[in-house]
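In what follows, a single structure is set out as structure tokens and then discussed.
The values are calculated or read from the model by the stated rules, or taken from the named source; none is laboratory data. Source: prediction; values computed, not measured. Heads up, the Cβs are rebuilt from the backbone with ideal geometry, glycines too, and the neighbour counts pull from every protein chain shown.
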Amino acid sequence: MDRNIFVTTSRVPPARWRQAFPQAAIVSIVPGNAPEGTIVWLHNMTPAQLPAGKRPAGEYHFVVADDEPSDEAGLAALSQGAAGYCNSHATTELLQTIAAVVRNGGLWVGESLLNRMIGGISVRSPTAGREEHPALQGLSVLEREVALCVARGESNKEIARRVNLAERTVKARLTIIFEKFGVHDRLRLALLLNNIE
């Protein structure tokens, strides 16, 4: 069974946590006996902020759920071993999606932070190599432009403006591009096109 534990010092944790995961434990201290593979949701704290000796040993997935998320706090959480960073008041559906992504070995961050990370990758990569990537040959002209925008770290909204499409059309094109490249998300696409993977 998939296990979720929410660690919080809040007297009234968001009701959505229980709605998303009815069997989840909501505690103030990480239990030492949680089964491996458990997702440990840290409310307004990072893995490094767990009290000394209270970080469980073994294979756990940490997701930081922040009341006031910011890109800087997200980067700090990821650098301390978190596999995800989100708003603590996310919808039940989003919380379940985050859990599924993290449980399957993925990384979950918001769009702003993701684009910032991709932008950092893009700056460190030669543009010429990206535009000549052999995998781009199998794309239409529009798909190629969308893929290169993602590799530069542009958001769906920015891409939609650049190529004069609706944002939902950009999302649909990205799904096709992901399939053609054999990747599951825009971070993997950006890594591939920037010759990092």
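Confirm whether Gly105 is at pLDDT below 85 and either over 21 Å from Ser155 (Cβ atoms) or buried (at least 18 other Cβ atoms within 10 Å of the Cβ) (or both).
Yes, satisfied.
Of all residues in region 1-35 being outside any helix (DSSP H, G or I) and of a type in the set (D, E, K, R), which is nearest to Val64 (Cα to Cα)?
Within region 1-35, the match that is nearest to Val64 (Cα to Cα) is Arg3.
Given the criterion modelled with pLDDT of 85 or more and assigned to a strand (DSSP E or B), identify the matching residue among Ala82, Ala77, Ala90, Ala65.
Selected residue: Ala65, the only one of Ala82, Ala77, Ala90, Ala65 that is modelled with pLDDT of 85 or more and assigned to a strand (DSSP E or B).
Mind checking which residues of region 97-109 are in contact (Cβ under 8 Å) with a residue 40 or more places away in the chain and either acidic (Asp, Glu) or under 12 Å from Leu78 (Cα atoms) (or both)?
Within region 97-109, the subset in contact (Cβ under 8 Å) with a residue 40 or more places away in the chain is 99, 102-103, 106-108.
Those that are in contact (Cβ under 8 Å) with a residue 40 or more places away in the chain and either acidic (Asp, Glu) or under 12 Å from Leu78 (Cα atoms) (or both): Leu107, Trp108.
Consider Val40 against the criteria (1) closer than 28 Å to Val183 by Cα; (2) in contact with a Lys or Arg (Cβ under 8 Å, 6 or more places away or on another chain); (3) at pLDDT 90 or above; (4) among the β-branched types (Val, Ile, Thr): it satisfies all of them except one. Which criterion is unmet?
Failed condition: (2).
Would you mind stating whether Pro14 is assigned by TED's automatic domain parsing to the domain that holds Gly81 and without any contact (Cβ under 8 Å) to a residue 60 or more places away in the chain?
It is false that Pro14 is assigned by TED's automatic domain parsing to the domain that holds Gly81 and without any contact (Cβ under 8 Å) to a residue 60 or more places away in the chain.
What's the total number of residues in region 12-24 that are modelled with pLDDT under 90 and buried (at least 16 other Cβ atoms within 10 Å of the Cβ)?
2
Which residues, taken from region 121-149, are modelled with pLDDT under 85 and surrounded by fewer than 17 Cβ atoms within 10 Å (Cβ to Cβ)?
Residues satisfying the conditions are Val123, Arg124, Pro126, Thr127, Ala128, Gly129, Glu131, Glu132, Pro134, Ala135, Gln137, Gly138.
So which residues in region 26-50 are farther than 24 Å from Leu75 by Cβ and in contact (Cβ under 8 Å) with a residue 40 or more places away in the chain?
The one that is farther than 24 Å from Leu75 by Cβ and in contact (Cβ under 8 Å) with a residue 40 or more places away in the chain: Gly37.
Select from region 156-190 the residues that are part of a helix (DSSP H, G or I), within 17 Å of the chain's Cα centre (by Cα) and surrounded by fewer than 18 Cβ atoms within 10 Å (Cβ to Cβ) and list them in ascending order.
Across region 156-190, the qualifying residues are Lys171, Thr175, Phe178, Arg188.
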